[in-house]
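First comes the structure, then the notes that go with it.
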Amino acid sequence: MKNACERFGYESYDASVLEPAELYRGKTSEEIVAEQTYTFTDRGDREVTLRPEMTPTIARMVAAKRRELTFPLRWYTIANVFRYERPQRGRLREHWQLNADIFGVEGVEAEVEIISLAHQIMLDLGANESDFEIRVNDRRLLNGVFKDCSLTEEEERVIMRLLDKRHDMADFDEKLSDAVGPERANKLKGGLSSAASSAHLEELLSLLYKLGITNVHVDMSIVRGFDYYTGTVFEVFDTSPDNNRSLFGGGRYDNLLQMFGEDAIPAVGFGMGDVTAHDFLEAHGLLPRYVPATELMICVMEKEHIAHALRLAQDLRREDVAVAVNFSGKKIGDQVKQANKLGIPFIVAVGDKERDSGHFTLKHLPTGNEFILPAENIPAHMLSALG
Ligand code: HAM
């Protein structure tokens with residue numbers, strides 16, 4: 001994810017996990033603020049919240065430094081966020097979320113870039129275009145339909161929430177009818193199915209097609225659960241029947257910075273969680289095998305050889321080899337077993353013979369191949385043994 005963001009020219013940012021509770025009120029999602037935040041009073045009597053998402057934080061940061069920043073601004077982060085949700089498949093109370101956002105671009109090219117980046121990340125994870133689909137909508141189309149049905153602001157919020165949950169609801173029609181009455185419910189449904197697209201969405205799709213991104217289509221049921229979206233919204237779905245669900249999403253939010261007392265700055269971005277990404281990889285057999293960063297374990301014959309082992313480790317680390325020294329005091333065979341269990345590919349043992357001769361036996365555990373070498377030749381041999 002990091003690599004893809006940087007190839008697209010995005011720079012990383014960071015922030016504290018703790019924010020003033022006020023940052024979220026009336027700006028994001030009533031459901032999250034009222035039911036899902038971890039909010040408490042700190043020792044200075046301030047009401048603080050563990051961030052449930054990054055968008056208000058980045059909006060606050062960009063608003064505060066807007067005069068020093070260069071636009072378009074492209075920022076990304078991989079941050080932990082907290083939501084008091086019922087833990088279930090795809091949902092935990094803490095997860096890590098990639099956020100990529102572009103500020104300062106009014107035109108559709110910002111959406112094109114953000115969706116291309118999301119698409120590229122999926123390809124980098126090993127997915128084919130048929131493994132996932134990108135569903136886009138435009139909040140302005142929805143607003144048009146709402147207007148025709150003369151909904152109050154409160155009704156709009158309720159309907160938006162119902163639409164956002166539509167895919168998990170058996171009684172959507174009933175709830176819709178309860179909320180606005182049967183007549184307007186019918187009108188709404190009719191409006192939603194006939195307002196099939198807009199010039200803006202058609203342009204977006206055509207630009208994406210030109211980039212070879214073809215698994216994208218308009219879906220009027222995509223609304224996204226946040227109040228701050230103003231235009232395009234999108235959500236990426238897994239197409240596997242075993243994991244047929246939303247993986248992540250985002251959209252355009254042109255007015256959020258205004259809420260910090262600054263002029264509006266157009267913005268588009270998305271958030272992608274690690275939990276849903278993991279489920280996707282699992283469903284498609286794409287989970288990578290874990291490989292430790294440690295390349296070599298130095299096994300120590302006797303306690304008296306530790307100083308020599310430390311010296312060898314220091315020399316190798318200065319040559320950029322990732323080395324761990326085994327301090328367990330166990331028998332050599334057990335130390336080798338430990339290296340195997342950890343998946344460390346190389347071992348070297350240090351005892352009297354090695355200390356006296358200055359030659360070491362480097363063993364590549366997966367193949368069992370051994371090489372007898374002076375210390376300075378170890379790094380080069382490791383590289384060539386790995387091919
Ligand atoms: P969101 O759809 O609420 O959007 O969250 C983005 C993604 O984070 C979800 O699609 C899912 O992958 C993951 N996620 C959310 N809640 C949980 C949870 N409880 N457990 C595991 N994963 C979860 C936002 O948060 C927007 N702020 C995204 C955005 C950025 N829009 C513009 N820029």
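Just so it is clear, none of the values below were taken in a lab; they were calculated from the coordinates. Given the structure is predicted, the values throughout are model-derived calculations rather than measurements. So basically every Cβ, Gly included, is an ideal-geometry build from the backbone, and we count neighbours across all protein chains shown.
Once you order the gyration tensor axes a ≥ b ≥ c over the Cα atoms, which shape class does the range 2-283 get: rounded for a/c under 1.5, otherwise prolate or oblate by comparing a/b with b/c?
rounded
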Let me know the Rg and Dmax you get for the range 1-93 when you use only its Cα atoms, in Å. 15.1, 44
Taking the convex hull of the Cα atoms, report for the range 122-249 its projected area averaged over all directions, in nm². 8.4 nm²
Sparse-neighbourhood loop hits (trypsin sites (Lys or Arg not before Pro), the range 1-84; DSSP loop; Cβ within 10 Å at most 11 others) -> Arg43, Lys65, Arg67
When the helix-only estimate is applied to the chain (DSSP H runs of n ≥ 4, each -39,500 (n - 2.57), divided by the residue count), what is the mean residue ellipticity at 222 nm, nearest 500 deg cm²/dmol? -10500 deg cm²/dmol
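Under a Cβ-only charge scheme (Lys and Arg +1, Asp and Glu -1), can you give me the dipole magnitude of the chain about the Cα centre, in debye to the nearest 20?
Here the size comes out at about 880 debye.
Please find the FRET efficiency linking His278 to Glu183, where r is the Cβ-Cβ separation and R0 is fixed at 45 Å, and quote it to the nearest 0.05. Display every interim value, and only then the final one.
Details: r = 45 Å, r/R0 = 1.00.
For His278 and Glu183, the calculated efficiency is 0.50.
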Can you give me the angle between helix 332-342 and the longest principal axis of the chain, using Cα atoms only, in degrees from 0 to 90, rounded to the nearest 10? 20 degrees
Given Cβ charges of +1 for Lys and Arg and -1 for Asp and Glu, the option among Met54, Gly269, Ala79 whose Cα lies farthest towards the positive end of the dipole of the chain is Ala79
Using only Cα atoms, tell me the angle between helix 153-165 and the longest principal axis of the chain; keep it within 0 to 90° and round to the nearest 10. 40 degrees
Looking at the chain, which longest stretch skips every one of the GluC sites (Glu not before Pro) that is in a DSSP loop with at most 16 other Cβ atoms within 10 Å, leaving the sites themselves out? 107-261
In degrees, nearest ten, helix 182-194 long axis to first principal axis of the chain (Cα): 60 degrees
Starting with the highest mean, order 324-332, 219-227 by the number of other Cβ atoms within 10 Å, averaged over the residues of each peptide. 219-227, 324-332
Which chymotrypsin sites (Phe, Trp or Tyr not before Pro) from the range 64-145 combine a DSSP loop assignment with at most 15 other Cβ atoms within 10 Å? Tyr84
Charges on Cβ only, +1 for Lys and Arg, -1 for Asp and Glu, centred on the Cα centroid of the range 296-385; of Phe346, Ala313, Gly333, which one is farthest towards the dipole's positive end? Gly333
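If you take the square roots of the eigenvalues of the alpha-carbon gyration tensor of the range 296-385 and sort them as a ≥ b ≥ c, do you get rounded (a/c under 1.5), prolate (a/b over b/c) or oblate?
Rounded shape, in that the Cα axes give a/c under 1.5.
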Could you give the spread of the C-alpha atoms of the range 39-138 along their three principal axes, from largest to smallest, in whole angstroms? 51, 43, 26
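Hey, could you grab the Kirkwood Rh for the range 172-312? Inverse mean 1/r over distinct alpha carbon pairs, Å, one decimal.
Across the range 172-312, the inverse of the average 1/r is 20.4 Å.
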Hey, which of these cross-link pairs are over 25 Å Cα-Cα: Lys147/Lys210; Lys341/Lys363; Lys27/Lys147; Lys147/Lys189; Lys330/Lys363; Lys2/Lys165? Lys147/Lys210; Lys2/Lys165
